[in-house]
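Pasting in a structure now, in structure tokens, and then I'll have a few things to ask.
The values are calculated or read from the model by the stated rules, or taken from the named source; none is laboratory data. Predicted model only: the values in this text are computed from it and were never measured. No Cβ is skipped: glycine too gets one built from the backbone with ideal geometry, and neighbour counts run over all protein chains shown.
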DNA sequence: GTCTATACCAGGATAGAC
DNA sequence: GTCTATCCTGGTATAGAC
């Protein structure tokens, strides 16, 4: 992420704004350039393509999410740890809410822009779902894992409502996701601290 | 919806396929025309614009969903009726799964194409959420209603997995949505048959 | 009523001057 | 680091053949 006072940073900020307002494809590079106060061709000096610009917006979130999934897979799948991972996921969405709410709106554009890292991204969500579903899952477990991930998306819908207190959103969405997973039925193996310091540091 | 053997119907079918595969904006009219075996300009005879083509794909689902929300608002908000409405929502998604899975993928394009009916559509999801949240809702109730609607989206993700039995999907998704709403806490007023014949007919 | 040929314009991308 | 000029693709539009 670039500082807001560099040209690169200003382009990124304007792009997020316009992409979110109008969608990726309805936003022309000319429009972005005009608002920044440069020409279309100048954009190309800073970003090699429109897709690259979109990717630059998304990538910080993708990196955080990667760290989260990596961390999850190193944790034993206890109820406390599942809660912990879901909570970190919600936090990541809120932290990058400019990028994530745009992603939700423009899935197709994001998928295209992600091309170089698309397999990574798919694998990432697959790994998260697998971890949530648990070992040797029944079809119902898989569906519940999918539903839990969908619930996380409500974070953004809720955070978009102005008068909604943010910690209320975090609490209720977390509870909902946990409920969908039927966490009470997950076996609790050896006691293990959920707030593993190593994990807390990585994401 | 047109029969699959009319040119109009064949255009629609090819469009759904390509839009779903590649996204709306990455699919050119030339590509569609080629696969149907006509020219780009011929498309123009059958559909006045690319947007109109997209709209023709979405509209049947939108109509069903409108009927569902209309019906819901005429029902007392009992646990049984909430289950009933959610179930009908899942059915509608599965029935129009070609359109709905494309909508999920291409929210931005759909929003643009919907322009003439966008306010309707927004109002529709708002009304559904309001009905689910119940009268005089706390912030937490609103968030849970949002999360429940998100859960319905898992229907499509799950239905996309080939070996997933469809009635398992319906059952588990419904349970998850109901759980998110904490339906057990909804007061049960006068007993009322959930399978109201009038409602069953409208959607 | 169905289709083709053809033109027009907006927008993404590139080359090369300053 | 920014500009002007130019190219190409794709959505849109119309005139007219069958």
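Any residue that is more than 14 Å from chain A (Cβ to nearest Cβ), part of a loop (DSSP other than H, G, I, E, B) and in contact with a helix residue (DSSP H, G or I) (Cβ under 9 Å, 6 or more places away or on another chain) - is there at least one of those in the stretch B:57-70?
Step one: list which residues in the stretch B:57-70 are more than 14 Å from chain A (Cβ to nearest Cβ), which gives B:57-70.
Going one step further and asking which of them are part of a loop (DSSP other than H, G, I, E, B), we end up with none.
Within the stretch B:57-70, not a single residue is more than 14 Å from chain A (Cβ to nearest Cβ), part of a loop (DSSP other than H, G, I, E, B) and in contact with a helix residue (DSSP H, G or I) (Cβ under 9 Å, 6 or more places away or on another chain).
Continuing with this model, one more query. Name the single residue that is farthest from the other protein chains (Cβ to nearest Cβ) among those in the stretch A:21-56 being crowded, with 18+ Cβ neighbours inside 10 Å and more than 13 Å from DNA strand D (Cβ to nearest atom).
A:56
Still on this structure, please answer the following. Out of the stretch B:9-28, which residues are closer than 19 Å to residue B:114 by Cβ and part of a helix (DSSP H, G or I)?
Matches in the stretch B:9-28: B:12, B:15, B:16, B:19, B:20.
Hey, any hits in the stretch A:72-87 for a residue that's within 16 Å of DNA strand C (Cβ to nearest atom), within 14 Å of chain B (Cβ to nearest Cβ), closer than 25 Å to residue A:121 by Cα and in a helix (DSSP H, G or I)?
no
Another one. Could you grab me the full set of residues in the stretch B:3-20 that are crowded, with 16+ Cβ neighbours inside 10 Å, away from chain A (no Cβ under 11 Å) and either in contact (Cβ under 8 Å) with a residue 40 or more places away in the chain or out of contact with any helix residue (DSSP H, G or I) (no Cβ under 9 Å at 6 or more places or on another chain) (or both)?
Selection gives B:11, B:12, B:15, B:16.
For the stretch B:159-180, how many residues meet the condition of being more than 7 Å from chain A (Cβ to nearest Cβ) and within 14 Å of residue A:177 (Cβ to Cβ)?
1
Filter the stretch B:148-170 for residues that are free of Cβ contacts under 8 Å to residues at least 12 places away in the same chain and part of a helix (DSSP H, G or I); which is farthest from residue A:129 (Cα to Cα)?
B:167
If you check residue A:99 against the conditions, is it surrounded by fewer than 18 Cβ atoms within 10 Å (Cβ to Cβ), more than 16 Å from DNA strand C (Cβ to nearest atom), away from chain B (no Cβ under 14 Å) and touching a residue at least 24 places away in the same chain (Cβ under 8 Å)?
No.
Please go through the stretch A:60-72 and pick out each residue that is surrounded by fewer than 16 Cβ atoms within 10 Å (Cβ to Cβ) and either within 11 Å of DNA strand D (Cβ to nearest atom) or free of Cβ contacts under 8 Å to residues at least 60 places away in the same chain (or both).
A:60, A:63
Would you say residue B:156 is at pLDDT below 95, crowded, with 21+ Cβ neighbours inside 10 Å and under 19 Å from the mean Cα position of the chain (by Cα)?
Answer is yes for this residue.
Could you identify the single residue in A:114, A:156 that is away from chain B (no Cβ under 11 Å) and closer than 30 Å to residue A:49 by Cβ?
Selected residue: A:114, the only one of A:114, A:156 that is away from chain B (no Cβ under 11 Å) and closer than 30 Å to residue A:49 by Cβ.
Residues in the stretch A:102-109: is at least one in a helix (DSSP H, G or I), surrounded by fewer than 21 Cβ atoms within 10 Å (Cβ to Cβ) and away from chain B (no Cβ under 14 Å)?
no
Which of the residues belonging to the stretch B:36-56 are away from DNA strand C (no atom under 13 Å from the Cβ) and either part of a helix (DSSP H, G or I) or under 15 Å from residue B:100 (Cβ atoms) (or both)?
Result: B:50, B:51, B:52, B:53, B:54, B:55, B:56.
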